[in-house]
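Report on the structure given below.
The values are calculated or read from the model by the stated rules, or taken from the named source; none is laboratory data. None of the values given here were measured: they were computed from a predicted structure. Don't worry about glycine lacking a Cβ; one is built from the backbone with ideal geometry, like all the others, and counts go over all protein chains shown. Side chains are part of the model used for accessible areas, which takes the heavy atoms of the whole protein and leaves out ligands, DNA and RNA. Shrake-Rupley method; radii C 1.70, N 1.55, O 1.52, S 1.80 Å.
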Amino acid sequence: MEVGSTSSISGMSDLLVVNELKVWYPIRKLFSIVGYVKAVDGVSFTVREGEVVAIVGESGCGKTTLAKAVTGLVPITSGNIIFEGVDITRLPGRTIREWYSRKVGLIQQDPYGAMPPFMTIRAILGEPLKIHRIGREAYGKEVYTALTDVGLTPPEDYVNKYPHMLSGGQLQRVAIARALILRPKLVLADEPVSMLDASLRVEILSLINELRVKYGLAIIYITHDLATAKYFSDRIVVMYAGQLVEIGNAKDIIKKAMHPYTEALINVIPDPDPRNRLIIRKTLTGEPPNLVRPPPGCRLVPRCPYVMEKCRTVEPPMIKVNELRFVKCWLYGS
Amino acid sequence: MPSVLEVTNLKFFYRTIAGVVRAVDNVSFTVGEKETLALVGESGCGKTSLARALMRFLPRNVAELSGSIKVDGIEVLDMDDSEFDRKIRWRKITYVSQAALNSLNYVMKVVDHLIEPLVLHYGMRREVAVEKARDIIVKVGISEDFLYRYSFELSGGMKQRVVIALSLISNPRIVILDEPTSALDVMTQANIMNLLKELKEGLSVSYIFITHDIATSSELADKVAVMYAGQLVEYGPAEKVYVDPLHPYSKGLLSSIPRLRTDTSLTPIPGSAPSLINPPKGCRFRPRCPYVKPVCEEEPPHITLGSEGYVRCWLYGSR
């Protein structure tokens, strides 16, 4: 496994290594399985300690399934997920619950849907502590620290409130506090700001970043927005139709996209500029392919402006451009 | 340029147990022919209430609706409901709601959605209406075959195109687009924006484009109105507001947006928007404003800029 691994040059240790991961959802009809939705189909990447990796792609490309697989919430079809040197795909469920789930936190997209409406903020934040049997004395203190960490001060004002009494931004802060309360090493943030107002997004992302520095977290930031990925991640991996199509340093990818899909993603994001109204943006037409029967060659073929004969029949390999840059496209190799 | 819509001192308040919510408080703007006004502000600032006041989608607890709304020079606030329904709503002004994706009926084919207003309101013959539906569906970039499909057979982007077709079929003067793309994917969003740009050129229609995302707003805006806590704090041409904003809130909005093509540092606006039941006295942005001074406790002056722009801020006017 060399694709996407950067540990050899930086000397930093890999916290998470995902190797040839496949998550196929079976389609059942009566008692037999008639096919699979190949939501994640051969994905390899690494996350180093303290690093922010953004996974960028359209909805339906498998980003969330990938996150769920990494947190151990969906059964995987094949491949490995190696965390701190341990292959979690081989661990018994009990060890995953007791050890791994303390090490990995998850921030979901919709803060309104992620909070049980009948529990107070104290109970919501206390639940992970209770499940992992963290002492009663620590219980209250940890909840207060967690709330202070996410800027909900004074914490006494919030602990007895219910989720409906808080605004979207405040709820997302509670979600962040909950993801961090067991002091994980890795946090998966699944579109943490896409439901929030544009003006609030930077505030929440900055908060996540502050806490990353404070607690030495690694973060997988899942998003469809390259503009925020540029500001808040070290590396970007671009996902399309269940596969990774480009991996590289955030700044490099934004400066010069190599894969036609990345290029299109960059083209469609507007910056506030009065000239925007006078231009028609170059976009990809059509829809992403069906993940039950993906096209045989490159999966972008029906939408790609640079399509060649070869692309239709042979799937492109992940081509290494340099130590940090990988692209899955025939334009860059023979 | 003759204005299609002229709104002057519009007030729209709701009555609640906690008090009167001043959702739209003294708002004035105009929209010219083939022009787009982008209405930008955080959630809860009254953007959608303003759209509802224009469409007269009124809840039962209206405390006050006053001021003036002129469509093609005709005052509509004086009209009673049936006259408004006959002459204005869905004829002159149409509305694409935030939840547009869910607004199609599951048991109706696309064509039935499209011809319904023509047959019911205009008394058009079915065959004629179907022809018109065929025209419009091609204009929004969907193949004719889809006329006979149900909404669940369409993707999110296609549903949004159908809803846009619906809003255009009666040849309106103004379409209100209330966050038309926020539920869509980035790529689909760009395709819909391209479509709206083309339609504006092709059919002579004006848009009011409501969004919380100032970057997206620049995709259509000829003019920008920045709304804060029920009031317009800055209003002016796109070239001015995006490039050289004057009001501290507009400045804050622009500097809190991550940009892809330039490297600027990001500064979020501290604090949160005030309650519209008891807004702060004087300037409503005062508690969050980095330039606050004692005079801000008084109602800020309304400073006219250029031919019709304005800014409400003490930084630009003396006592």
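Taking the stretch A:43-77 as the range and being open to solvent by 30 Å² or more (accessible area, probe 1.4 Å) and among the acidic types (Asp, Glu) as the test, only A:GLU49 passes.
Before we move on, is B:LEU120 of a type outside the set (Gly, Ala, Ser), in contact with a strand residue (DSSP E or B) (Cβ under 9 Å, 6 or more places away or on another chain) and either open to solvent by 60 Å² or more (accessible area, probe 1.4 Å) or in contact (Cβ under 8 Å) with a residue 60 or more places away in the chain (or both)? It is false that B:LEU120 is of a type outside the set (Gly, Ala, Ser), in contact with a strand residue (DSSP E or B) (Cβ under 9 Å, 6 or more places away or on another chain) and either open to solvent by 60 Å² or more (accessible area, probe 1.4 Å) or in contact (Cβ under 8 Å) with a residue 60 or more places away in the chain (or both). Could you go through the stretch B:248-261 and let me know if any residue there is within 14 Å of chain A (Cβ to nearest Cβ), part of a loop (DSSP other than H, G, I, E, B) and over 17 Å from A:ALA198 (Cα atoms). For the stretch B:248-261, residues within 14 Å of chain A (Cβ to nearest Cβ), part of a loop (DSSP other than H, G, I, E, B) and over 17 Å from A:ALA198 (Cα atoms): present. Screening the stretch B:217-237 for residues that are assigned to a strand (DSSP E or B) and within 12 Å of chain A (Cβ to nearest Cβ) and picking the one that is most open to solvent (accessible area, probe 1.4 Å) gives B:PRO237. Scanning the stretch B:107-117 for residues that are open to solvent by 60 Å² or more (accessible area, probe 1.4 Å) and either part of a helix (DSSP H, G or I) or closer than 24 Å to B:PHE209 by Cβ (or both) returns a single hit, B:GLU116. Is it fair to say B:LYS281 is within 14 Å of another protein chain (Cβ to nearest Cβ) and open to solvent by 60 Å² or more (accessible area, probe 1.4 Å)? Here the answer is no, as B:LYS281 does not meet what is asked. Scanning the stretch B:200-215 for residues that are open to solvent by 10 Å² or more (accessible area, probe 1.4 Å), over 27 Å from B:GLY282 (Cβ atoms) and under 18 Å from the mean Cα position of the chain (by Cα) yields B:LYS200, B:SER204, B:ASP213.
Only residues that are among the acidic types (Asp, Glu) and surrounded by 13 or more Cβ atoms within 10 Å (Cβ to Cβ) were counted across the stretch A:130-177, and they come to 2. Residue count for the stretch A:188-201, restricted to those that are touching a Leu at 6+ places or on another chain (Cβ under 9 Å) and either under 14 Å from B:SER272 (Cβ atoms) or touching a residue at least 40 places away in the same chain (Cβ under 8 Å) (or both): 5. Contact map, the stretch A:267-290: first residue more than 7 Å from every other protein chain (Cβ to nearest Cβ) and within 20 Å of A:TYR240 (Cα to Cα), second residue in a helix (DSSP H, G or I) and basic (Lys, Arg), Cβ cut-off under 7 Å, separation 6 or more or different chains; pairs are A:THR285/A:ARG303; A:GLY286/A:ARG303.
Among the conditions (1) modelled with pLDDT under 95; (2) open to solvent by less than 10 Å² (accessible area, probe 1.4 Å), the only one that A:GLY216 does not satisfy is (2). Within the stretch A:178-204, the set of residues being assigned to a helix (DSSP H, G or I), within 12 Å of chain B (Cβ to nearest Cβ) and open to solvent by 10 Å² or more (accessible area, probe 1.4 Å) comprises A:LEU200, A:ARG201, A:GLU203. The residues of the stretch A:145-170 that are more than 25 Å from the chain's Cα centre (by Cα), part of a helix (DSSP H, G or I) and more than 18 Å from A:MET195 (Cα to Cα), listed by number, are A:THR145, A:THR148, A:GLU156, A:ASP157, A:TYR158, A:VAL159.
Scanning the stretch B:159-196 for residues that are within 14 Å of chain A (Cβ to nearest Cβ), within 16 Å of B:VAL138 (Cα to Cα) and open to solvent by 20 Å² or more (accessible area, probe 1.4 Å) turns up B:LYS159, B:ARG161, B:ASN191. On the stretch given as the stretch B:190-216, residues that are among the hydrophobic types (A, V, I, L, M, F, W, C) and either under 20 Å from B:ARG259 (Cα atoms) or part of a helix (DSSP H, G or I) (or both) total 8.
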